[in-house]
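J.: My structure is below; once you've seen it, I'll send some questions.
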Amino acid sequence: MQLRYSFRLYPRPGQRAALARAFGCARVVFNDAVRAREDARRQGVPFPKAADLSRTLITQAKQTAERSWLGEVSAVVLQQSLRDAESAYRNFFASLKGERKGPKLGAPRMKSRKDARQSIRFTTNARWSLTPAGRLNLPKIGEVRVRWSRTLPAVPSSVTVIKDAAGRYFASFVIDTDPAADAARVPKADQSIGIDLGLTHFAVLSDGTKIDSPRFLRRAEKKLKKAQRELSRKQKGSKNREKARWKVARAHAKVTDARRDFHHQL
């Protein structure tokens with residue numbers, strides 16, 4: 001089984017700039033891969049293979065004046081971006097054929113620098129590491145401070161660096177666990193209970209217990225309304241509007257964190 005462990009990151013100003021370059025380069029490679037696939041579809045020719053895309057969009061592109069800045073970031077980040085595009089197309093075609101469970105998926109779309117969520121992934125090939133001081137050492141970025149809330153049960157196989165809409169950075173580690181050890185950690189019980197999620201109450205248990213909903217969004221409506229009103233009054237494209245947008249995003253992030261913490265503790 002694979003588990004994810006997420007921790008808050010606190011990069012320095014120079015590291016934030018390096019992460020912004022990495023986010024941008026990964027986004028460009030992903031968009032170039034989608035564009036190459038769409039051009040092949042319109043021309044009625046077979047889709048280019050992953051190896052061909054890697055050679056043209058990364059190796060050869062670094063040698064051109066238009067894409068020379070791709071060499072400023074780790075090559076593993078760019079390769080992982082190509083794999084993400086490949087995975088998106090595989091899931092899309094599997095959804096069309098009915099081989100994938102869940103709702104129908106649309107074709108992969110271009111990513112934008114204005115997307116609320118930016119991410120890059122480092123595998124073991126990238127030679128990232130955890131320092132003895134507890135920092136996350138990323139290639140061409142440096143040692144980033146991490147707020148550890150718990151210890152990792154095993155050595156991670158990969159780490160994804162995420163920037164959310166509120167401008168916060170997170171490191172998401174993937175851990176491969178042993179199924180036998182996972183089963184041993186779960187306490188055995190001879191009782192069972194039913195849970196019904198509702199509207200007037202957050203949940204009602206089969207033994208009659210009712211769990212009230214904290215209504216985090218309702219409690220934060222006044223602050224959100226004020227922040228959204230300030231955002232609507234700012235001129236589009238101005239720095240003040242960007243500051244107001246961050247304020248709205250942070251208010252929503254606070255509600256999201258409160259909900260997630262309530263779910264986990266319950």
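This table checks each residue for (1) modelled with pLDDT of 95 or more; (2) of a type in the set (A, V, I, L, M); (3) assigned to a loop (DSSP other than H, G, I, E, B).
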| position | (1), (2), (3) |
| --- | --- |
| R16 | yes, no, no |
| A20 | yes, yes, no |
| G24 | yes, no, no |
| V28 | yes, yes, no |
| A36 | no, yes, no |
| D52 | no, no, no |
| T56 | no, no, no |
| E86 | no, no, no |
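J.: Quick one: in the stretch 164-193, which of the residues that are of a type in the set (V, I, T) and surrounded by 12 or more Cβ atoms within 10 Å (Cβ to Cβ) is modelled with the lowest pLDDT?
T.: The selected residue is T177.
J.: From (1) out of contact with any Asp or Glu (no Cβ under 6 Å at 6 or more places or on another chain); (2) surrounded by fewer than 18 Cβ atoms within 10 Å (Cβ to Cβ), pick out the condition that doesn't hold for A50.
T.: (1)
J.: Quick one: which residue in D182, D196, D207 is over 25 Å from the mean Cα position of the chain (by Cα), of a type outside the set (A, V, I, L, M, F, W, C), in a strand (DSSP E or B) and at negative phi?
T.: Sole residue among the options that is over 25 Å from the mean Cα position of the chain (by Cα), of a type outside the set (A, V, I, L, M, F, W, C), in a strand (DSSP E or B) and at negative phi: D196.
J.: Give the residues of the stretch 194-203 that are under 23 Å from A253 (Cα atoms) and loosely packed, with under 10 Cβ neighbours inside 10 Å, sorted by residue number.
T.: Residue satisfying the conditions is L199 alone.
J.: Another one. Consider only pairs whose beta carbons are under 6 Å apart and that are at least six residues apart or on different chains; among these, list those whose first residue lies in the stretch 92-116 and is within 30 Å of R168 (Cβ to Cβ) and whose second residue is of a type in the set (K, R).
T.: If the second residue must be of a type in the set (K, R), the pairs left are K111/R27.
The values are calculated or read from the model by the stated rules, or taken from the named source; none is laboratory data. Note that this is a predicted model, so its numbers are computed, not measured. Virtual Cβ from ideal backbone geometry, glycine too; neighbours counted across all protein chains shown.
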